[in-house]
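Have a look at the structure below, then the notes.
The values are calculated or read from the model by the stated rules, or taken from the named source; none is laboratory data. Bear in mind the structure is a predicted one, so any value in this text is a computation, not a measurement. Here Cβ is always computed from backbone atoms with ideal geometry, including for glycine, and neighbour counts include all displayed protein chains. Side chains are part of the model used for accessible areas, which takes the heavy atoms of the whole protein and leaves out ligands, DNA and RNA. Shrake-Rupley method; radii C 1.70, N 1.55, O 1.52, S 1.80 Å.
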Amino acid sequence: MSHLAPTGKWDARYIGPVPHDATYYAKCMLGGVLACGITHAGLTPLDVAKCNMQVDPAKYKGLTSGLATLVREEGRTGIWKGLGPTFVGYSLQGMFKYGLYEVFKDQYMNLAGEELSNKYKPAIWLAASASAEVFADIALCPLEMTKVKIQTSPSGTFPTSFGAALAEMSRTKAETRYPFGSLVPLWSRQIPYTMAKFCFYEKIVELFYTHVFPEPKETYSKTTQLGVTFASGYLAGVICAVVSHPADTVVSLMGKPANKGKSIGTIASETGIVTLATKGLGTRVLMIGTLTGFQWWIYDSFKASMGLGTTGGK
């Protein structure tokens with residue numbers, strides 16, 4: 001397979017089975033919408049429980065008991081609070097996260113050149129994923145703030161329907177800091193998460209195709225390739241959860257009425273680093289591992305169905 005552009009020069013956009021043109025990037029963006037929107041929406045009950053465990057650990061002591069408390073007090077709809085902003089917000093985030101990752105990875109590889117790109121692959125992956133996430137979080141932030149407010153507000157104190165919640169966030173923006181008040185903690189959570197998610201994923205896939213499936217990647221069936229995708233995504237997700245959990249706890253705590261007007265540093269110091277790093281971590285590891293595995297599987301399944309090939313490899 002030639003990696004040369006029509007000009008005869010090496011070009012990262014020609015490394016895969018098809019050229020990385022505008023159509024390729026657009027399809028990757030659509031794959032990202034499907035990967036993130038569907039998975040985050042499907043795991044809303046876990047997210048509701050995790051956020052409440054972070055905000056009120058005395059009341060919500062664990063995943064099972066937390067879900068039971070929510071169902072008992074608010075009915076079965078209580079564990080699906082925030083579904084609307086979750087689906088829309090993470091669909092937008094996925095579009096930019098995955099689509100722009102492909103764009104930035106090609107651009108940075110071409111800036112570095114063939115030799116340096118091969119020598120410093122992890123640096124390329126880290127830089128591309130961080131760059132993509134900056135834009136992904138700008139799209140996500142207003143909807144993430146709305147989601148957290150819906151999920152952590154005591155029953156009856158804040159609208160739970162999507163439209164009414166957005167309107168209330170806008171009306172009270174002086175105190176909620178809507179729409180971008182959580183952008184910095186969101187960046188601090190999501191950028192390390194995404195850097196770990198993409199870099200570890202790419203590395204684990206590379207290891208699979210080096211040590212477990214050593215023949216050329218294209219010789220293996222799509223089922224095998226997508227199995228590698230899911231396993232690599234799940235393992236990368238576990239690492240992501242640990243790396244980004246303290247910042248995730250801060251984002252949840254910012255929605256708590258008692259923390260209104262407090263700075264990020266104040267919230268963090270009052271909570272304590274041990275609590276920030278551990279409270280709700282088990283639930284988040286389960287959630288993010290599963291989430292990341294399925295995200296990569298959906299994304300690569302879509303890419304494969306479009307004839308674009310799966311992500312990563314030797």
Query raised in the report: Considering only segment 258-297, how many residues are modelled with pLDDT of 90 or more and over 18 Å from R189 (Cβ atoms)?
Result: 4
Query raised in the report: Can you tell me which of D248, D300 is among the acidic types (D, E), at pLDDT below 90 and open to solvent by less than 20 Å² (accessible area, probe 1.4 Å)?
Result: D248
Report summary line: Looking across segment 160-172 at residues that are surrounded by 13 or more Cβ atoms within 10 Å (Cβ to Cβ) and not aliphatic (A, V, I, L, M), the single one that is farthest from the chain's Cα centre (by Cα) is T172
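Answer yes if at least one residue in segment 233-243 is open to solvent by 20 Å² or more (accessible area, probe 1.4 Å), in contact with a helix residue (DSSP H, G or I) (Cβ under 9 Å, 6 or more places away or on another chain) and in contact (Cβ under 8 Å) with a residue 60 or more places away in the chain, and no otherwise. Please lay out each step first, then the result.
At the first step, the residues of segment 233-243 found to be open to solvent by 20 Å² or more (accessible area, probe 1.4 Å) are 234-235, 238-239, 242-243.
Subset that is in contact with a helix residue (DSSP H, G or I) (Cβ under 9 Å, 6 or more places away or on another chain): 234-235, 238-239, 242-243.
From what is left, the residues that are in contact (Cβ under 8 Å) with a residue 60 or more places away in the chain are none.
No, segment 233-243 contains no residue that is open to solvent by 20 Å² or more (accessible area, probe 1.4 Å), in contact with a helix residue (DSSP H, G or I) (Cβ under 9 Å, 6 or more places away or on another chain) and in contact (Cβ under 8 Å) with a residue 60 or more places away in the chain.
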Requested in this report: Those residues that are open to solvent by less than 30 Å² (accessible area, probe 1.4 Å) and of a type in the set (G, A, S), I need them from segment 18-59; list them, please.
Outcome: G31, G32, A35, G37, A41, A49
Requested in this report: Return yes when T77 is closer than 17 Å to F96 by Cα and out of contact with any helix residue (DSSP H, G or I) (no Cβ under 8 Å at 6 or more places or on another chain) and no when it is not.
Outcome: no
Requested in this report: List the number of the failed condition for K260; all other conditions in (1) under 27 Å from Y98 (Cα atoms); (2) open to solvent by 70 Å² or more (accessible area, probe 1.4 Å); (3) touching a residue at least 12 places away in the same chain (Cβ under 8 Å) hold.
Outcome: (1)
Report summary line: Selection over segment 21-70 where residues are of a type in the set (D, E, K, R), assigned to a helix (DSSP H, G or I) and under 22 Å from K256 (Cα atoms) yields a count of 2
Report summary line: Just one listed residue, out of T157, T146, T210, is closer than 28 Å to I264 by Cα and open to solvent by 10 Å² or more (accessible area, probe 1.4 Å), and it is T157
Report summary line: Residue set M109, M145; condition closer than 23 Å to A35 by Cα and hydrophobic (A, V, I, L, M, F, W, C); output residue M145
Report summary line: Restricted to segment 265-274 and to residues being open to solvent by 60 Å² or more (accessible area, probe 1.4 Å) and under 24 Å from the mean Cα position of the chain (by Cα), the residue farthest from A247 (Cα to Cα) is V274
Report task. Could you list all residues from segment 79-122 that are of a type in the set (F, W, Y), assigned to a helix (DSSP H, G or I) and surrounded by fewer than 24 Cβ atoms within 10 Å (Cβ to Cβ)? Result -> W80, F87, F96, F104, Y108
